[in-house]
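The structure appears right after this line, and notes come after that.
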Amino acid sequence: MMASGRRRGGGHVRPGDRGFEGWAWLFMRVSGVVLLFLAVFHLLWMHYVIGVDNLNFQTVASRWANPLWRLYDFALLAFALVHGMNGLRMVLEDYIHRAGTLLTVKSVAYVLAFLLLSAGGYIIFTFHVPA
Amino acid sequence: MSDGAAGGRPATAASPRGATFTGPRGWLTYRGGLGYLMWAIHRLAGLGILLFLALHIADIFLLGFGQHVFDSLLAFYNAPWAHVMDVFLVFGVLFHAINGLRIIVQDFAPRVMIAERKLVIIELVVFLVVFLPAAWALLAPLWGA
C-alpha cells in the first residue's frame with residue numbers, strides 16, 4: 001500500500017499537488033490556521049481568564065447554556081482531532097516500515113479517534129444544563 | 001516532509017568536526033542545524049497535544065455523570081504536578097502554533113526561505129515573549145508568588 005505523492009526519504013508534497021496527499025497537505029495548512037484561532041484562544045482563555053483552578057461543572061454548564069459555545073467546542077474538537085490524527089498518520093508512516101504492522105496500528109488509531117470524536121460530540125450536544 | 005525541513009543543509013550525521021553522535025545527542029544533531037531541531041520539537045509537541053486531547057475528551061465526557069463525579073475527578077488537574085504538566089501543554093501548543101505559522105508562510109511564499117534562519121530566530125523571540133510570562137503565571141502560585 002502507500003504509493004502516494006508523499007514520498008519517503010525527504011520527498012515533498014507541494015502546493016497544487018492533487019490526490020489524497022495533496023489534499024491532506026492543504027488540509028493541514030487550512031486547519032492549522034483555523035486552530036491558530038480556535039485552540040490558542042481556548043487555551044489562553046481557560047488558563048488566563050478563567051484559570052484552571054476555577055474550572056468546574058458549573059463553569060462548563062453556564063458556558064454550554066449558550067449553543068454557540070457548544071458549536072465552538074465541537075468545531076475545536078473536530079478540527080483538532082482530524083489535524084492531530086493526520087499528523088499521527090504521517091509519523092506512523094515515517095517510522096513503521098512493515099505494511100502489515102502499519103495497517104494494524106493505523107486501524108487501531110482510526111477506531112480510537114472515531115470513538116473519541118463520537119464521545120466528545122455526544123457530550124457537547126446532549127449535555128443537559130441543570131436548572 | 002514539508003513540515004519544517006532544514007533549509008539546504010545536507011542530511012548527515014556528522015558534526016562540523018566530523019564526529020558522529022549516537023544517543024540523545026545524535027537525535028538532536030543527525031540532520032544538523034536549527035531547522036531539524038524545530039522539526040523534531042514540532043513533531044513531539046504535536047504528538048503530546050494529541051495525547052492531551054484524548055485525555056481532555058475523556059474528562060469532559062465525565063460531565064455526563066453529573067456534578068459530583070466531574071468535580072471530584074477535576075481535582076486531578078489541581079495538583080501541583082498537574083500545574084507542571086500544564087506548562088508542557090502551554091509550551092507545546094504555543095510552539096506548534098507559532099512554528100506551524102512559519103511553515104505555512106514558507107510553503108506559500110518560498111522566496112522567504114533565503115532568510116529561513118532569520119525567520120526561525122524571529123519565531124523563537126515571539127515564542128519566548130508569549131511563553132515565558134504564560135509559564136510564570138502557571139508556576140508562580142506553586143511557591144506563593
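The values are calculated or read from the model by the stated rules, or taken from the named source; none is laboratory data. What you see is a predicted model, and the numbers here were worked out from it, not measured in a lab. Glycine gets a Cβ as well: all are built from the backbone with ideal geometry, and neighbour counts include every protein chain shown. Remember, those area values only see protein heavy atoms, side chains included, never the ligands or the DNA or RNA. Shrake-Rupley method; radii C 1.70, N 1.55, O 1.52, S 1.80 Å.
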Hits in segment B:94-136 - residues which are closer than 22 Å to A:His42 by Cα and among the polar types (S, T, N, Q): B:Asn99
Filter result for B:Phe131 (in contact (Cβ under 8 Å) with a residue 40 or more places away in the chain and open to solvent by less than 50 Å² (accessible area, probe 1.4 Å)): yes
Residue list for segment B:55-70, filter: surrounded by fewer than 16 Cβ atoms within 10 Å (Cβ to Cβ) and either in contact (Cβ under 8 Å) with a residue 24 or more places away in the chain or closer than 27 Å to A:Ala78 by Cβ (or both): B:Leu55, B:Ala58, B:Asp59, B:Gly64, B:Phe65, B:Gly66, B:Gln67, B:Val69
Lone qualifier among A:His97, A:His128 - being within 11 Å of chain B (Cβ to nearest Cβ) and of a type outside the set (Lys, Arg): A:His128
Single match in B:Arg43, B:Arg31 (criterion: surrounded by 16 or more Cβ atoms within 10 Å (Cβ to Cβ), modelled with pLDDT under 85 and of a type in the set (D, E, K, R)): B:Arg31
Unique match (being within 11 Å of another protein chain (Cβ to nearest Cβ), more than 24 Å from A:Phe27 (Cα to Cα) and open to solvent by less than 60 Å² (accessible area, probe 1.4 Å)) among A:Ala61, A:Ala119, A:Ala80: A:Ala61
Residue match in segment B:118-134 (condition: of a type in the set (Lys, Arg) and touching a helix residue (DSSP H, G or I) at 6+ places or on another chain (Cβ under 7 Å)): no
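Of A:Gly100, A:Gly87, which residue is within 11 Å of the chain's Cα centre (by Cα) and more than 29 Å from B:Gly64 (Cα to Cα)?
The unique qualifying residue is A:Gly87.
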Test set (1) surrounded by 14 or more Cβ atoms within 10 Å (Cβ to Cβ); (2) within 17 Å of the chain's Cα centre (by Cα); (3) modelled with pLDDT of 85 or more - B:Asp3 fails condition number: (3)
Lone qualifier among A:Leu38, A:Leu71 - being exposed (fewer than 15 other Cβ atoms within 10 Å of the Cβ) and at pLDDT 95 or above: A:Leu71
